[in-house]
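The block underneath contains the structure these notes are about, expressed in structure tokens.
What follows is calculated from the coordinates using simple rules that are stated; it is not laboratory data. This is a predicted model, so every value here is computed, not measured. Glycine also receives a Cβ, built like all others from the backbone with ideal geometry; neighbour counts cover every protein chain displayed.
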Amino acid sequence: MGSFQELKASLSNRNVDLVAVSKTKPIEAIQEIYNQGQRIFGENRVQELTEKHPVLPKDIEWHMIGHLQTNKVKFIAPFVVLIHAVDSIKLLKTIDAQALRFDRKIGVLLQLKVATEESKFGFSYDDLKSQLSDLNLGELHGVEIRGVMGMASFVSDTEQVRSEFRLLKNYFDQLKEAFFPTSDFNIISMGMSGDFEIAIEEGSTMVRIGSLIFGSRG
Ligand SMILES: *Cc1c(COP(=O)(O)O)cnc(C)c1O
């Protein structure tokens with residue numbers, strides 16, 4: 001696992017946060033990476049997250065990176081630190097309400113569609129802009145909107161991947177200026193095992209890496 005140390009070092013040199021994506025991986029594998037200094041772990045299923053959280057060290061910062069149904073927010077609201085894939089205002093408001101129930105503030109990222117290939121989840125940029133305009137952001141006290149998240153197409157054409165990441169960075173800049181000029185809106189979550197180098201070149205501040213750290217999920 002020397003390669004994990006190298007990955008960590010190269011990311012911290014570039015000021016990029018690492019989410020170690022531990023979905024489907026056993027507790028021991030997570031503990032091993034934790035022992036090497038990693039503190040941020042990401043899961044994409046509520047059930048896995050709620051099973052792993054209580055049996056692993058308390059100082060792990062758990063991120064929910066996958067699609068999240070509103071009726072499941074309550075299960076992770078007591079401990080989740082950042083929810084990456086907020087793709088509706090309804091979900092945003094649900095997270096807000098659940099965070100307040102537990103007297104917490106939960107960080108969220110707005111998921112944007114940038115891939116040209118058909119993607120099920122995420123706001124289109126125009127929809128997000130108009131829905132944010134209709135929303136009184138000052139009324140949300142349980143969530144802190146920290147930035148955006150997106151995924152590029154799964155294609156081998158690196159120029160296509162690059163242009164999709166560039167688009168997400170553009171959207172981030174415009175949203176920050178229009179809606180979040182003074183807040184901690186400073187996270188661009190983009191880049192996975194196969195494309196994180198390109199994502200960083202295009203402005204990623206947070207990469208979500210699974211298979212490169214833990215091995216393939218089979
Ligand atoms: C699984 C997953 C990742 C990590 O994928 P790898 O290719 O294993 O690095 C990143 N983001 C999301 C949303 C995922 O579901």
Point to revise | Residues within the range 19-32 that are surrounded by fewer than 21 Cβ atoms within 10 Å (Cβ to Cβ) and within 14 Å of the ligand (Cβ to nearest atom), tallied | key: 3
Exercise for review: Starting from residues that are within 16 Å of the ligand (Cβ to nearest atom) and assigned to a helix (DSSP H, G or I), keep the ones in the range 73-99 and report whichever is farthest from D134 (Cα to Cα).
Suggested key: I76
Exercise for review: Just name the residue that is nearest to the ligand (Cβ to nearest atom) out of those in the range 167-184 that are assigned to a helix (DSSP H, G or I) and buried (at least 16 other Cβ atoms within 10 Å of the Cβ).
Suggested key: L168
Review point. Which condition does N15 not pass, out of (1) in contact (Cβ under 8 Å) with a residue 40 or more places away in the chain; (2) within 18 Å of the chain's Cα centre (by Cα); (3) surrounded by 13 or more Cβ atoms within 10 Å (Cβ to Cβ), if it passes all the others?
Key: (3)
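How many residues, within the range 185-202, are more than 30 Å from P26 (Cβ to Cβ) and either within 8 Å of the ligand (Cβ to nearest atom) or more than 15 Å from the chain's Cα centre (by Cα) (or both)?
Number satisfying all stated conditions: 3.
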Check your understanding: Looking at this structure, is G150 surrounded by 17 or more Cβ atoms within 10 Å (Cβ to Cβ) and in contact (Cβ under 8 Å) with a residue 60 or more places away in the chain?
Key -> no
Exercise for review: Please tell me if L92 is within 15 Å of the chain's Cα centre (by Cα) and among the hydrophobic types (A, V, I, L, M, F, W, C).
Suggested key: yes
Point to revise | Residue satisfying all of: in the range 33-64; hydrophobic (A, V, I, L, M, F, W, C) and closer than 29 Å to E201 by Cα; farthest from the ligand (Cβ to nearest atom) among these | key: I60
Point to revise | Residues satisfying the stated conditions in the range 185-218, i.e. buried (at least 19 other Cβ atoms within 10 Å of the Cβ) and farther than 23 Å from S124 by Cα | key: I209, G210, I213, F214
